[in-house]
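Here's the structure, in structure tokens; my notes come after.
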Amino acid sequence: MVALEQDRAPTVRYGVDLGGTKIEAIALSADDGRELGRQRIDSPRGDYAATVRCLRDLVHGLQGRFGPGSVGIGIPGTLSPQTGLVKNANSTWLIGHPFGADLGDALGQPVRLANDADCLALSEATDGAAAGSPIAFAVILGTGVGGGVVAHGRVLTGPNAIGGEWGHNALPWPQDDERPGPACYCGRAGCVETFLSGPGMAADHQRHNGSEMTAAAIAHAAANGDPACQATLSRYAHRLARGLASIINVLDPHTIVLGGGLSNIPMLYQQVPALWGQWVFSDQVLTELKQARHGDSSGVRGAAWLWAHDSEQRLRLV
């Protein structure tokens, strides 16, 4: 059963980032945010029960080293406010399950859950690349494409628990060869996620060149002068610029932060701002594009900070 719980004051905050390919857990000092330890393992794809067990074992392992503490979880989806079940997860084996309640049972303590991109946004707005920005939009470019919004220190949520979910809007201003777009697990075609996720980049490269390469391999080859891979990255930057321009038109954020594996591609931070002005409804674009200060592990820090900030997804077992 899900119910509200009052805040506690632990000395250690544990965060877990549940990704499509990896699960990472971290222990932070509750006093100053100092990292005490972390661990990363592969995600048990397609297996819900194994996912719960892996998270339990990760957290218990860290608690065995650093003592008891609060637990926050970032998931690639969200909990339905109506049912408490996972929805909108690109890790589709989580969908329809009471993940918060099951994990709380497994751990034997309360947990807080939030969308993984919200965790990234919270982390970077707290002590990262967007620190001091009144409005920040954070993007995860990885197995999926998530987004989160922090305004004046608070994660923006709403009645549908989908704030920041830009990845399941259509790619803005599509070109002829981008229509109708690739099929998406959400049931539609041409979603931003199908173009800008790591698998989306790999699929685009295969469509144009007939060769199978991972996004990481494409980025590496492009950096070493491969013309086909450079063309793939150029198409990717153009699409990312269009996608983020639509966000700027709606939110007008001071800072956009990129996280996830694809955020490590240096050329994006020059090419995307050079392009997005074509679609932003303004005479100038003052929004800054920055890489997550805490790297592709920033989301796990934000998960740990869920107990230090207001959250609408507070769970306890009663």
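By DSSP, the beta bridges lying fully in the chain are antiparallel in about 60 percent of cases. Residue 195 contributes about 10 Å² of solvent-accessible surface, heavy atoms of the protein only, 1.4 Å probe.
Computed about its Cα centre, the charge dipole of the range 147-227 is approximately 320 debye, with only Lys, Arg, Asp and Glu carrying charge at their Cβ. Only Lys, Arg, Asp and Glu carry charge here, each on its Cβ (+1 for the first two, -1 for the last two); on that basis the range 1-144 has a dipole of about 260 debye about its Cα centre.
If a spin label sat at a point 7 angstrom from the Cα of residue 249 along the line to its beta carbon, the backbone N atoms of the range 139-169 nearer than 14 Å would be those of 169. Using the Cβ of residue 178 as centre and a radius below 15 Å, the other residues enclosed give a net charge of +2, where K and R count +1 and D and E count -1. Taking Cα centre as origin and charging only the Cβ of basic (Lys, Arg, +1) and acidic (Asp, Glu, -1) residues, the dipole magnitude of the range 93-226 rounds to 240 debye.
For the options 103, 306, 196, a Gaussian network treatment of the chain with springs between C-alpha atoms closer than 10 Å singles out 103 as fluctuating the most. Along the positive direction of the dipole of the range 50-113 (beta-carbon charges: Lys, Arg +1; Asp, Glu -1; about the Cα centre), which of 97, 55, 82 reaches farthest? Towards the positive end, the residue furthest out is 55.
The computed volume of the Cα convex hull per residue in Å³ for the structure shown corresponds, within [x] 167; [y] 128; [z] 153, to [y].
The values are calculated or read from the model by the stated rules, or taken from the named source; none is laboratory data. Predicted model, so just to flag it, every value in this text is computed and none were measured. Please note: Cβ atoms are built from the backbone with ideal geometry, for glycine as well, and neighbour counts cover all protein chains shown. Remember, those area values only see protein heavy atoms, side chains included, never the ligands or the DNA or RNA. Shrake-Rupley method; radii C 1.70, N 1.55, O 1.52, S 1.80 Å.
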